[in-house]
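These notes concern the structure reproduced below.
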Amino acid sequence: IDTGAPTIRHADFDSYKANREATPDDILASIPYIKRILAAFGIPMLALDGYEADDIVGTVAKHAELDGFQVYMMTSDKDYGQLVSDNIFMYKPGKFGQKAEVIGINEICEKYGLKDPEQLIDILGLWGDSADNIPGVPNIGEVKAKKLIGEFGSIENIYAHINEVSNDKMRQTLIDNEEQARLSKNLATIILDVPIAYNWDEMKYGNVNVSELQKIFNELEFRALGSRIFGDAEVMGTAS
């Protein structure tokens, strides 16, 4: 989870996420309840000042893959596509009647015209991301970014062969914004070596505090959800 503290990206780029609206009060008020529910379910919460939740997910996912796990990251955030590998997938929850999607290497590469999911970082570096205030390169959107990375493979290789960019106007735009393109790629890159401690055994399902969950659900008047969960309390484990 995010701690709200400034991150490494803020040190690199003062305006990082500066255009985001303040978190609504109702969401802020909900966070303590969310943490209590997660704790009662026995779901560990990992956070470290200076890093975003994306970085922690990326670090844990890659470590888990090395330790032989098959990993599913529950998210619809396109940025996570850079983490996808043979054993790491995005699990995109269904909404508005649509089914959930499992997104792997083939889906990412087909969608963005890539040879490797990691090249999505280069796409984002050129394209930018208005939600995170990552500037990208002016006048280069998704289509042009996909074309450039499809041809050159990476931002670094574009600048190593800048004279081979056929469109004069685009070539000059890239030359004028080289520093911004390289910075944007750094901002879009999910960090994979967050120095955070965790233990796989402590993440195993089963340590559920049913009585605490019932108490929280009663406070929040989650009657329908409570009946769905506590209809078979044994499935949830033993109250502690």
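A few points about this structure:
- Look at the alpha carbon pairs under 8 Å that are at least 6 residues apart: their mean separation over the length of the chain gives a relative contact order of 21 percent.
- Antiparallel DSSP beta bridges within the chain, as percent of all bridges there, nearest 5: 55 percent
- For segment 72-192, the pair-distance distribution built from all alpha carbon pairs, in bins 5 Å wide starting at 0, is 2, 12, 21, 22, 17, 13, 7, 4, 2, 0 percent.
- Cα Rg, Dmax, segment 118-182, angstrom units: 10.5, 32
- Computed over segment 97-143, Kirkwood Rh from alpha-carbon pairs, angstrom: 12.0 Å
- Once the 1.4 Å probe is applied to the protein heavy atoms, the chain comes out at 60 Å² accessible per residue.
- For V71, V102, the ranking by accessible surface with the largest value first comes to V102, V71, using a 1.4 Å probe.
- The phi-based Karplus calculation (6.51 cos²θ - 1.76 cosθ + 1.60; θ = phi - 60°) puts the 3J(HN,Hα) values of segment 130-146 at 5, 5, 9, 6, 7, x, x, 10, x, 6, 10, x, 4, 5, 5, 5, 4 Hz, whole numbers, x for Gly and Pro.
- Beyond 19 Å in Cα-Cα separation lie the following of the pairs K92/K215; K144/K169; K35/K215; K92/K144; K78/K146; K115/K144: K92/K215; K92/K144.
- Value at 222 nm in deg cm²/dmol, rounded to 500, when DSSP H runs of n ≥ 4 in the chain each add -39,500 (n - 2.57): -13500 deg cm²/dmol
- Net charge over other residues, Cβ less than 15 angstrom from the Cβ of Y159 (K, R count +1; D, E count -1): -4
- Length-normalised contact order for segment 135-240 - Cα pairs under 8 Å, 6+ apart - percent: 24 percent
- The Cα atoms of the chain give a gyration tensor whose axes a ≥ b ≥ c have a/c of 1.5 or more with a/b greater than b/c, which makes the shape prolate.
- Only Lys, Arg (+1) and Asp, Glu (-1) charged, at Cβ; the chain dipole about Cα centre in debye: 620 debye
- Sequence of F222, F152, F41 from largest to smallest accessible area, 1.4 Å probe: F222, F41, F152
The values are calculated or read from the model by the stated rules, or taken from the named source; none is laboratory data. If you're wondering where the values come from, they're calculated on a predicted model, not measured in any experiment. All Cβ positions, even for glycine, are placed from backbone atoms using ideal geometry, and neighbour counts span all protein chains on display. Side chains included, ligands, DNA and RNA excluded: accessible areas come from the protein's heavy atoms. Shrake-Rupley method; radii C 1.70, N 1.55, O 1.52, S 1.80 Å.
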